[in-house]
Structures are given as C-alpha cells and as structure tokens.
Amino acid sequence: MILNLKKQQVALILLLMTMLVFTGCQSKPAVDPSTVDEFDLSVYPHGDYFITPQDLNDMLGSEELVLLDCNKPDLYAKGHIDGAIGIGLHAFSDKIGKPGDPGWGTIKSKDDLEKTLVDLGIDNDKTVVLYSNVFKGPGADGRGAWQLRMAGLKNVKILLGGTTYWEEVGYELTSEEVPAPTPSAGITLKDYDESFRASKDEIFNKLGNELLIDVRTEKEFKGSQNAGEPRGGHIKGAEHILWTEFLNENGTLKSVEEIDAILGAFDVSKTDDFTLY
Ligand SMILES: *[C@@H]1O[C@H](CO)[C@@H](O)[C@H](O)[C@H]1NC(C)=O
C-alpha cells in the first residue's frame with residue numbers, strides 16, 4: 001500500500017516535471033508588432049534621447065542609420081538586431097592599465113574617438129542608435145550615447161527598453177553575421193562638453209551640499225561586491241538608487257510622475273543639480 005502510494009507520487013512528480021520542461025521550452029507566443037501601442041516618448045523633456053522599437057524597425061536597412069550593439073560579444077553572437085555592428089562594452093573608452101588604474105575606463109581622446117567613429121561608418125549626418133540588453137547591463141549603450149552627445153553629435157539615440165522590449169513588442173533578433181562597416185568619409189567632433197561630467201575635485205568640493213547618487217548594485221554600494229575598483233564601497237555621503245528603479249519591468253521608462261517621486265524622496269527635483277555614478 002505504502003509502496004503503491006509512493007509509486008503514484010513518483011509518477012505524479014515525473015509528470016509534473018515533464019510538463020514543466022515542456023512549458024519551459026515553449027517559445028513565447030509571437031506578438032504582432034502592429035497591435036502594440038507605441039510608447040509615448042513625447043511626454044519626457046528629453047524623450048528624443050530614445051527611439052522606440054517601432055521607429056527603429058522602420059529605419060532598419062536605411063543608409064542613414066548606424067546601429068550599434070553594446071552587449072558583450074557572446075551575447076551579440078547569440079542574437080542581435082539585423083544589421084547591428086557589435087562594438088562590445090568599451091569601444092569608446094581608453095583602457096590604460098587594468099581595472100582600477102587611474103586611466104582605465106576613461107573616455108577616448110577626441111582624435112581617437114573620431115578614428116573609431118569613422119571606422120564604424122559614422123559621419124556628422126548619420127543617425128546613431130545604440131542598444132543593449134538593458135537588464136544584463138552594464139549600460140554601455142547609455143554611456144556611449146552620453147559620450148557621443150558630449151562630443152557634439154546630435155543624432156544619437158538609445159533603443160527604448162533594449163533587446164528585451166524589442167522582443168516583447170514582437171520583433172526578432174538574428175545570429176546572422178553582419179558585414180564589416182564601410183568607413184565614413186570623415187567626422188568632426190566638438191571638444192567634449194564638460195558640463196556632461198563632474199571631475200573628482202568637483203565632487204569632493206560639493207560633498208554634503210549636493211546629492212550624489214550611486215546607481216550600482218546594493219552589494220557594490222555596500223562594498224561586498226567589487227567590479228574592479230581598488231576599494232569597494234561608495235563615495236561618502238552618496239545615496240543609493242539602483243539604476244533599474246527608473247525602469248518598468250519591460251525596460252521602458254517609468255512615467256515622469258514616478259521618476260519625480262523617486263527623486264523627490266531625496267529632496268531633489270529635475271531642475272536641481274545632482275551627480276550620478
Ligand atoms: C511595458 O510596461 C508598461 C508599464 O508597466 C506598460 O504600460 C506597457 O504597456 C508595457 N508595454 C508592453 C508592450 O508590454
């Protein structure tokens with residue numbers, strides 16, 4: 001009797017496991033992109049920093065577009081948007097020495113950046129769209145867009161919600177190889193606009209007077225995890241807001257009211273100066 005019951009239980013468990021495996025393997029039901037409402041970026045003061053999947057899809061294949069995938073190379077190889085060039089995480093950065101050394105992870109000089117952009121087929125007129133898998137991080141698309149805008153390029157956008165949202169809306173990724181880009185005839189960058197960044201001295205002088213937000217993981221903030229810094233932990237006085245706090249679960253942006261409320265909890269509004277790192 002007891003043995004029978006056990007056998008039944010085992011059978012039930014096996015059945016459940018099989019069901020789980022099958023449901024786990026099923027691919028998501030295909031979404032028809034034309035049935036999905038386009039996310040409204042016009043309500044954001046700088047909504048033009050982003051492009052919706054629908055607008056990007058309309059531009060695919062256009063000579064005007066240079067599409068840059070900022071995921072790690074293995075992720076790019078598994079699946080990227082058709083025609084995207086895989087530039088990895090550090091394409092626009094200087095990597096002098098090793099992580100933690102003073103020059104490591106700083107931005108390329110204007111001349112070096114110009115060379116890199118020409119090789120990628122970028123000139124002053126192209127629309128440059130950067131994307132990554134938003135939730136896998138580490139935000140190399142945002143950093144790239146920040147740096148290109150800092151160098152005076154205006155037509156630079158980040159794909160709203162990255163590849164997660166791209167797929168959620170019903171578009172596909174491909175593992176097909178993308179031909180090497182044809183270099184552009186040239187590009188002229190401006191000197192980096194220093195208002196985009198804060199120097200170590202500026203931060204030091206403002207300590208205690210202006211909000212400093214650490215957007216890294218809680219473990220990095222607390223110092224139990226370290227992504228290459230010589231010493232773990234955070235800058236004294238910094239507040240912690242994990243960067244994903246500003247995003248919806250599907251990678252789109254939280255509403256203006258929600259973002260205002262997150263910042264309001266730290267007594268700042270979007271017209272105040274504050275620094276993120
Ligand atoms: C993405 O998430 C937001 C907020 O939850 C929601 O309003 C929107 O409909 C979602 N978009 C899609 C395509 O699922």
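Counting only residues that are within 14 Å of the chain's Cα centre (by Cα) and part of a loop (DSSP other than H, G, I, E, B), which one in region 250-267 is farthest from residue 45 (Cα to Cα)?
Out of the qualifying residues, it is 250.
Of all residues in region 32-57, which are more than 20 Å from residue 122 (Cβ to Cβ) and not in a loop (DSSP other than H, G, I, E, B)?
Selection gives 33, 34, 35, 41, 42, 43, 47, 53, 54, 57.
Scan region 219-253 residue by residue and report those that are polar (S, T, N, Q) and modelled with pLDDT under 90.
224, 225, 226
Mind counting the residues in region 256-271 that are within 16 Å of the ligand (Cβ to nearest atom) and not β-branched (Val, Ile, Thr)? Talk me through it step by step, then tell me what you get.
Step one: filter region 256-271 for residues within 16 Å of the ligand (Cβ to nearest atom), giving 256-259, 261-262.
Adding the requirement that they be not β-branched (Val, Ile, Thr) leaves 257-258, 261.
Looking only at that region, the number is 3.
What strands (runs of 3 or more DSSP E) lie completely within region 60-179 and have 2 or more residues being under 30 Å from residue 40 (Cβ atoms)?
65-69, 127-131, 156-159
Restricting attention to region 76-98, does a residue exist that is over 17 Å from the mean Cα position of the chain (by Cα), within 16 Å of the ligand (Cβ to nearest atom) and surrounded by 16 or more Cβ atoms within 10 Å (Cβ to Cβ)?
Among the residues of region 76-98, not one is over 17 Å from the mean Cα position of the chain (by Cα), within 16 Å of the ligand (Cβ to nearest atom) and surrounded by 16 or more Cβ atoms within 10 Å (Cβ to Cβ), which makes the answer no.
Exactly one condition in (1) surrounded by fewer than 16 Cβ atoms within 10 Å (Cβ to Cβ); (2) in contact with a Pro (Cβ under 9 Å, 6 or more places away or on another chain) is not met by residue 177; state its number.
(2)
Between 253, 247, 242, 207, which is away from the ligand (no atom under 16 Å from the Cβ) and within 30 Å of residue 54 (Cβ to Cβ)?
The conditions single out 242.
Looking only at region 33-49, how many residues end up being under 12 Å from residue 160 (Cα atoms) and away from the ligand (no atom under 14 Å from the Cβ)? Steps first, answer last, please.
Our first condition is that a residue be under 12 Å from residue 160 (Cα atoms); within region 33-49, this holds for 38-41, 47-49.
Restricting the remaining residues to those that are away from the ligand (no atom under 14 Å from the Cβ) gives 47-49.
So the answer is 3.
The values are calculated or read from the model by the stated rules, or taken from the named source; none is laboratory data. All figures in this text were calculated on a predicted structure; none of them were measured in a lab. Cβ: placed from backbone, ideal geometry, glycine included. Neighbour counts: every protein chain shown.
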